[in-house]
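The values are calculated or read from the model by the stated rules, or taken from the named source; none is laboratory data. It should be emphasised that the depicted structure is a prediction, and the values quoted were computed from it without experimental measurement. Cβ placement follows ideal geometry from the backbone for every residue including glycine, while neighbour counts extend to all protein chains displayed. We work out accessible area using only protein heavy atoms, side chains counted, and drop any ligands, DNA or RNA first. Shrake-Rupley method; radii C 1.70, N 1.55, O 1.52, S 1.80 Å.
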Amino acid sequence: MTSPTLRHSRITGTGSFLPPNRLTNDALAAQLAADGIETSDQWIVERTGIRARHFAAPDVTSSDLAVEAARHALAAADVDAANIDLIIVATSTPDMVFPSTACLVQRKLGVAGCAAFDVQAVCSGFVYALTVADSMIRTGAASKALVIGAEVFSRILDFKDRGTCVLFGDGAGAVVLEASATPGILASELHADGRHVEILCVPGNVSGGQVLGDPLLKMDGPAVFKLAVGMLYDVAKSVLEKAGRSDADIDWLIPHQANIRILLSTAKRLKLPLDKLIVTVDQHGNTSAASIPLALDESVRSGKIVRGDTVLLEGVGGGFTWGAVLLDL
Ligand code: UT7
């Protein structure tokens, strides 16, 4: 009797894209001041660690950013778009109500036929999408997947609410995930708790030819902060245990980039030296589902994260949703 060959998935290429318009805290504060909204570089840096973010031009959509990130990831993996058999886009700012942003990305890549769909788990979206792609590869439903996080959060910000509009930015990150005889993705875990819907949401809805309800982001920052810190620690411990690894095995921690204080507290609770923590929130702000693949790609391209490193990705956000993926690059 032959034993079945175990099938795993592994990241073979990463890519990212930021729209060129970079806005520093001072530039944003000046724009807000013109509308009577008071903020400062000092407040934003002290409370969040954010120094700048990128905003897409008005005619640029999530699929535009996604396709650029995807092209970089495909080139890094040396994979032709025609050989991709699964496209998953994690986004909460899709181009349209439907079809999915993944279908638009597929068209922009000039390919057709492969499965393509979106995952909506807000800032946990990339971790959700990667877990779905890994599962599909391990069952044989796909062999070469493009997994993308892409957002234009600037479209859903209330620029009269200084408590939220200074936090977010636009961007996209992508990975090519391929079937592999050796494990890349070691373990993953996803969670949601719908009892917390109201603390982070965009309550509006398209109905009867109009937008019903408020189409702008609402957040109870302190409530989100409190939940996020506990969840990121718990899910990290749990995914490490699932993979039979310990805190000491982590070469790099990439938590969702929302607030430097949350990142530092997660690293501290995991007793991880701070030089193992990847931080991009200072330059990108919170790019929701794009933040983790953007941080991963920047770290790979800068030579920080190298093949064979063990990386823990952690997402947390609206829903409430949270999750983690532990992987060997
Ligand atoms: O992506 C999903 C995950 N999201 C997150 O993880 C976000 C989690 N939450 C946070 O990061 C923080 O709660 C915030 C950065 C959103 C807020 O920081 P905070 O330390 O919790 O501030 P706060 O909301 O308690 O506000 C403190 C003060 C308030 O003034 P008073 O009432 O004390 O006089 C705010 O009005 O800071 C004021 N404030 C600002 N001041 C200047 C709020 N936003 C600003 C601002 N500039 N932009």
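When the solvent-accessible surface of protein heavy atoms is calculated with a 1.4 angstrom probe, in what order do TRP252, TRP43 fall, highest first? Intermediate results must be reported in sequence, preceding the final value.
On the way: TRP252 35, TRP43 120 Å².
Highest to lowest solvent-accessible surface, that is TRP43, TRP252.
Roughly what % of Cα-Cα distances in the chain sit above 37 Å, to the whole percent? Mind dumping the intermediate values first?
Numbers: 6539 of 53956 pairs.
Across the chain, Cα pairs with separations above 37 Å total 12 percent.
Length gain on complete extension for the stretch PHE159 to THR182, per 0.36 nm per residue less the alpha carbon to alpha carbon distance? Show your work: numbers first, answer last.
Details: separation 23, 0.36 × 23 = 8.28 nm, distance 4.77 nm.
Value of the extension gain: 3.5 nm.
First measure r as the distance between the Cβ atoms of PHE225 and ASP80, then evaluate 1/(1 + (r/R0)^6) with R0 = 51 Å and state the FRET efficiency to the nearest 0.05. Display every interim value, and only then the final one.
Details: r = 44 Å, r/R0 = 0.85.
Calculated value: 0.70.
Can you work out the accessible area per residue across segment 8-182, with the rest of the protein chains kept in place, probe 1.4 Å, in square angstrom? Spell out each step's value before the answer.
On the way: 6870 Å² over 175 residues.
Per-residue value: 39 Å².
Using a Cα-Cα cut-off of under 17 Å, which aspartates and glutamates could be cross-linked to LYS271, ignoring same-chain neighbours fewer than 8 residues away?
By straight Cα distance, LYS271 reaches ASP234, GLU241, ASP247, ASP249, ASP251, GLU314.
Between segment 103-164 and segment 245-289, what is the C-alpha centre distance in whole Å?
Centre-to-centre (Cα) distance: 22 Å.
Measure of size requested: the Rg and Dmax of segment 209-322, with Cα atoms as the atom set and Å as the unit; please supply both.
In Å, with Rg to one decimal and Dmax whole: 15.4, 54.
How big is segment 8-182 by Rg and Dmax over its Cα atoms, in Å?
According to the Cα coordinates of segment 8-182, Rg and Dmax are 17.7, 59 Å.
Could you do me a favour and compute the accessible area per residue for segment 188-250, 1.4 Å probe, result in Å²? Spell out each step's value before the answer.
Values: 3560 Å² over 63 residues.
Accessible surface, normalised per residue, equals 56 Å².
Within the accessible area of segment 172-211, what % is carbon and sulfur when the probe is 1.4 Å and the other protein chains stay in place? If you can, show how the numbers build up before the last one.
Working: 1050 of 1980 Å².
The value for segment 172-211 is 53 percent carbon and sulfur by accessible area.
For ARG261 and SER246, compute 0.36 nm times the residue count separating them, minus their Cα-Cα distance, and round to one decimal in nm.
Numbers: separation 15, 0.36 × 15 = 5.40 nm, distance 2.34 nm.
Result for the pair: 3.1 nm of gain on full extension.
Given a 1.4 Å probe and the protein chains all in place, what does the accessible area of ASP249 round to, in Å² to the nearest 10?
That residue has around 60 Å² of solvent-accessible surface.
In the structure shown, do any of LYS108/LYS304; LYS160/LYS226; LYS144/LYS242 have a Cα-Cα gap over 28 Å, and if so which? Can you show the working numbers first?
Values: LYS108/LYS304 31 Å; LYS160/LYS226 24 Å; LYS144/LYS242 25 Å.
Going by Cα-Cα distance, LYS108/LYS304 fall outside the 28 Å limit.
Based on the mean of other Cβ atoms within 10 Å per residue, sort peptides 308-317, 91-100, 220-229 so the most packed one is first. Walk me through the intermediate numbers first.
Details: 308-317: 23.2, 91-100: 18.7, 220-229: 16.2.
Highest-to-lowest ranking by the protection proxy: 308-317, 91-100, 220-229.
If r is the Cβ-Cβ distance from LYS304 to ARG22 and R0 is 22 Å, what FRET efficiency results, to the nearest 0.05?
Working: r = 21 Å, r/R0 = 0.97.
Efficiency, from the Cβ-Cβ distance: 0.55.
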